[in-house]
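Chemist: Supplied in structure tokens, the structure appears directly below.
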Amino acid sequence: MNTSTLIAPPALVQRAEKQDTQAIQALDSAHFIHPFTDHGDLATRGARVITHADGIYVWDSEGNKILDGMSGLWCVNAGYGRKELADAAYQQLMTLPFYNSFFQTTNVPAVQLAAKLAALAPKVGDRSFNHVFFSSSGSESNDTNVRMARRYWDLLGQSQRKVIISRHNAYHGSTMAGASLGGMSGMHAQGDLPIPNITHIDQPYYFENARGGESKADFGLRAARWLEEKILEIGPEKVAAFIAEPVQGAGGVIIPPETYWPEIQRIVDQYGILLICDEVICAFGRLGHWFAYEKFGIKPDLVTFAKGVTSGYIPLGGVMVGNRVAEVLIDKGGEFNHGYTYSGHPVACAVGLANLNLMERENLPGRVRTETGPYLATQFEALKDHPLVGDAETCGFVAGLVLVKDKANKQMFDPDRAVGMICRGHCFRNGLIMRAVGDRMIIAPPLSMTVAQIDEMMGLIRRCLDATLADVRDQGLLA
Ligand SMILES: *Cc1c(COP(=O)(O)O)cnc(C)c1O
């Protein structure tokens with residue numbers, strides 16, 4: 001018997017222009033529990049079936065071509081259809097598809113990728129990053145961070161330092177520790193989270209949290225000092241670490257004022273607590289640098305990465321371990337009783353290496369920093385003229401805009417009206433993937449996007465904003 005018939009009906013595996021969408025949707029709804037999805041909605045409307053992709057575009061099973069303004073899920077940094085990444089995976093699969101890194105064994109791609117990452121991670125002040133711990137995702141990496149930070153303090157004889165401070169509306173993944181570190185109230189509400197000894201401060205969101213007349217600079221300092229207040233409230237001797245995304249991604253592309261990070265650095269230094277930068281989105285060129293801590297002059301002790309390290313082609317994550325932690329953990333630590341079957345997976349690491357080489361050769365971080373990023377910034381700035389747009393800002397290749405009812409008074413729409421979702425619907429229908437976080441519309445395009453493609457995307461964004469404006473006018477929602 002031909003075994004391929006046992007795997008799947010050919011109609012489901014073939015890349016055809018028109019596929020049997022309804023049959024796939026019915027099977028999907030019958031068997032596949034999706035992440036972060038309301039299955040009542042899914043059953044009635046059916047999932048959009050994405051069949052193939054190339055460059056900055058994806059295609060669905062109805063043959064629609066869609067410009068992917070979100071790089072999949074913030075991860076396809078190099079764009080789709082990169083043959084050399086597929087070749088790297090194939091070659092490694094044929095050479096050594098798997099071996100573990102436990103028990104004093106290693107494999108060549110993992111060693112090479114760790115060395116490559118250490119070479120790409122810039123030294124800041126007295127911090128250097130010569131060591132890497134591998135996992136398969138951002139969530140797992142943040143679980144590793146919790147264990148590593150607490151282990152570090154144990155080894156220093158300060159095991160009372162357990163508390164990790166994070167921020168409301170942060171996203172750090174969906175495992176028990178990841179979701180606890182994250183500041184999403186909807187996630188905390190399901191499953192008794194956060195786990196003990198994790199607490200949150202407010203995010204530095206100027207548009208929403210600044211006082212009337214307060215400058216961005218003043219707000220940035222005030223927001224950073226919420227960390228100091230929290231440390232003093234808990235007792236500095238009990239605080240292990242502060243974790244934050246340099247720019248909050250899933251929370252809606254929250255870009256902190258310039259004064260924020262230097263003041264955070266002063267505070268963590270003053271109280272001696274570890275600083276963890278979650279760069280799962282921000283690293284690998286997303287903000288125009290290999291690592292975002294360089295852009296902001298932050299001196300982290302641990303740096304979480306995932307997503308863009310393989311451009312999402314295969315799961316891989318990890319933690320860059322700075323010398324402060326490495327010297328204790330590795331030099332005096334003995335065995336760290338922690339690891340994953342797939343830590344340093346040879347195929348994932350081979351793809352990671354090929355991806356970083358590709359990004360280096362095409363200078364994708366540099367292009368975002370000096371060419372396409374600044375161009376995107378001017379285009380977003382120009383959106384502020386639009387009657388619906390209360391604010392619009394970018395940082396490298398992430399961008400966000402706020403849909404408002406009344407620009408002059410910064411008045412938001414009633415959240416029940418879900419104006420962001422109206423806009424997102426127009427985006428889908430017009431062949432653009434743009435995400436809605438409440439009434440913030442956000443993008444994070446592939447870093448391979450050209451200036452001409454930015455123009456194409458901006459044209460679609462304007463068209464969708466106009467269509468949304470027409471809808472909210474019709475519904476009498478404007479001020
Ligand atoms: C996506 C994300 C994670 C979680 O990564 P997974 O690979 O989904 O586990 C963690 N932190 C940040 C900042 C992220 O954007």
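Read-outs throughout are calculated quantities, based only on the coordinates presented, and are distinct from any laboratory measurement. Just so it is clear, the structure is predicted and the values come from calculations on it, not from any experiment. Backbone-built Cβ (ideal geometry, glycine too); neighbour counts: all protein chains shown.
Chemist: If I take every Cα pair under 8 Å that is 6 or more residues apart in the range 384-424, average their sequence separation and divide by the length, what percent do I get for the relative contact order?
Modeler: Numbers: 46 pairs, mean separation 11.4, N = 41.
Reported relative contact order: 28 percent.
Chemist: Something else about it: So who's got an amide H within less than 5 Å of the one on LEU274, skipping anything under 5 residues away but keeping other chains? H placed 1.01 Å off N, in plane.
Modeler: ALA241, PHE242
Chemist: To check you understand DSSP bridge types, tell me what percent of the beta bridges within the chain (both residues inside) are antiparallel, rounded to 5.
Modeler: On the way: 33 of 49 bridges.
The answer is about 65 percent antiparallel.
Chemist: Give the residue list of trypsin sites (Lys or Arg not before Pro) in the range 246-342 that are DSSP loop and have at most 11 other beta-carbon atoms within 10 angstrom. Don't jump to the answer; show the numbers that get you there.
Modeler: Working: sites: ARG266, ARG286, LYS295, LYS307, ARG324, LYS332; in loops: ARG286, LYS332.
Loop-located and lightly packed - LYS332.
Chemist: Taking the Cα centre of the chain as origin, sum charge times position over the Cβ atoms of Lys and Arg (+1) and Asp and Glu (-1), and report the length of that vector in debye to the nearest 20.
Modeler: Values: 44 positive and 51 negative charges, 77 e Å.
Taking the Cα centre of the chain as origin, the dipole is about 380 debye.
Chemist: For the chain, what is the calculated [θ] at 222 nm in deg cm²/dmol (nearest 500), taking -39500 (n - 2.57) for each run of four or more DSSP H residues and dividing by its residue count? Don't skip to the answer; put the middle values down first.
Modeler: Values: 20 runs with 196 residues, N = 479.
For the chain, the value works out to -12000 deg cm²/dmol.
Chemist: Ok, one more. Students often get this wrong, so check it: of LYS216/LYS299; LYS162/LYS332; LYS295/LYS407, which have C-alpha atoms separated by over 25 Å? List each step's numbers first, then the result.
Modeler: Values: LYS216/LYS299 23 Å; LYS162/LYS332 20 Å; LYS295/LYS407 31 Å.
Table pairs above 25 Å Cα-Cα are LYS295/LYS407.
Chemist: What value does the range 64-149 have for Rg/Rh, both radii from Cα atoms and Rh as Kirkwood defines it?
Modeler: Details: Rg = 16.6 Å, Rh = 16.2 Å.
Ratio of gyration radius to Kirkwood radius: 1.02.
Chemist: Shifting gears a bit: Which order results if VAL132, VAL368 are arranged by neighbouring Cβ count within 10 Å, fewest first?
Modeler: Numbers: VAL132 22, VAL368 25.
By the 10 Å Cβ count, ascending: VAL132, VAL368.
Chemist: What FRET efficiency would be calculated for the residue pair ASN197, ASP385, taking the C-beta separation as r and a Förster radius of 51 Å, to the nearest 0.05? List each step's numbers first, then the result.
Modeler: Numbers: r = 48 Å, r/R0 = 0.93.
Efficiency computed from Cβ-Cβ geometry: 0.60.
Chemist: Taking the alpha-carbon distance from LYS123 and a cut-off under 15 Å, which aspartates and glutamates remain once sequence neighbours fewer than 8 residues away in the same chain are dropped?
Modeler: Within the straight-line cut-off, LYS123 pairs with GLU294, ASP301.
Chemist: Provide the net charge surrounding GLU237, with neighbours chosen by a C-beta distance below 12 Å and charges set as Lys +1, Arg +1, Asp -1, Glu -1.
Modeler: On the way: positive: ARG161, LYS162, LYS238; negative: none.
Result for the local shell: +3.
Chemist: Return the whole-Å distance between the Cα centroid of the range 288-307 and the Cα centroid of the range 141-188.
Modeler: Computed from Cα coordinates, the inter-centre distance equals 18 Å.
Chemist: Here's another thing I want to ask about it. For the range 433-479 and the range 13-85, what is the separation of their Cα centres, given in Å?
Modeler: 20 Å
Chemist: Moving on. Could you list MET458, MET421 so that the one with the fewest beta carbons within 10 Å of its beta carbon is first and the one with the most is last?
Modeler: Working: MET458 16, MET421 12.
Starting with the residue having the fewest Cβ neighbours, the order is MET421, MET458.
Chemist: Okay, next question. Of the trypsin sites (Lys or Arg not before Pro) in the range 196-236, which ones lie in a loop per DSSP and count no more than 14 other C-beta atoms within 10 Å?
Modeler: Those satisfying the criteria are ARG211.
Chemist: Additional query: Treat each spin label as a single point 7 Å out from the Cα along the C-beta direction, and report the LEU221 to ARG45 distance in nm.
Modeler: For LEU221 paired with ARG45, the spin-label model returns 4.6 nm.
Chemist: When a footprinting reagent is the concern and you count Cβ atoms within 10 Å, what order do THR372, THR259 take, fewest first?
Modeler: Working: THR372 23, THR259 19.
By the 10 Å Cβ count, ascending, the order reads THR259, THR372.
Chemist: Another question, if that's okay. Take the alpha carbon atoms of the range 86-361, find their radius of gyration, then divide it by 2.2 N^0.38 Å using N residues; give the quotient.
Modeler: Details: Rg = 18.4 Å, N = 276, 2.2 N^0.38 = 18.6 Å.
With N residues counted in the range 86-361, Rg over 2.2 N^0.38 Å equals 0.99.
Chemist: Would you work out the Kirkwood radius for the range 290-391? I mean one over the mean of 1/r across all pairs of different Cα atoms, in Å.
Modeler: Details: mean 1/r = 0.0589 Å⁻¹.
Here the Kirkwood hydrodynamic radius works out to 17.0 Å.
Chemist: For a quick check of your reading of the filter: which chymotrypsin sites (Phe, Trp or Tyr not before Pro) in the range 33-95 sit in a DSSP loop and have no more than 10 other Cβ atoms within 10 Å? Don't skip to the end; give the middle numbers.
Modeler: On the way: sites: PHE36, TYR57, TRP59, TRP74, TYR80, TYR90; in loops: PHE36.
Here the chymotrypsin sites (Phe, Trp or Tyr not before Pro) that fit, given the DSSP loop and packing criteria, are PHE36.
Chemist: Follow-up. Checking a compactness column here: for the chain, what do you get for Rg(Cα) / (2.2 N^0.38 Å), N being the number of residues? It would help to have the intermediate numbers written out before the result.
Modeler: Working: Rg = 22.8 Å, N = 479, 2.2 N^0.38 = 23.0 Å.
In units of the 2.2 N^0.38 Å rule of thumb, it is 0.99.
Chemist: Say the dipole of the chain comes from +1 at the beta carbon of Lys and Arg and -1 at that of Asp and Glu; which of LEU42, LEU447, ASN130 then lies farthest toward its positive end?
Modeler: Sorting the options by dipole projection puts first ASN130.
Chemist: What shape does the range 287-335 take by its C-alpha gyration tensor, where a ≥ b ≥ c are the square roots of the eigenvalues and a/c under 1.5 counts as rounded, a/b above b/c as prolate, and the rest as oblate?
Modeler: oblate
Chemist: Search the structure for amide H atoms under 5 Å from the amide H of SER128, placed 1.01 Å from N in the peptide plane, and list their residues when 5 or more places away or on another chain.
Modeler: ASN323, ARG324
Chemist: Along the charge dipole of the chain, which of LEU275, LEU27, LEU478 sits closest to the positive end, that is, farthest toward it, with unit charges on the beta carbon of Lys, Arg, Asp and Glu (+1, +1, -1, -1)?
Modeler: My answer, from the dipole projection, is LEU275.
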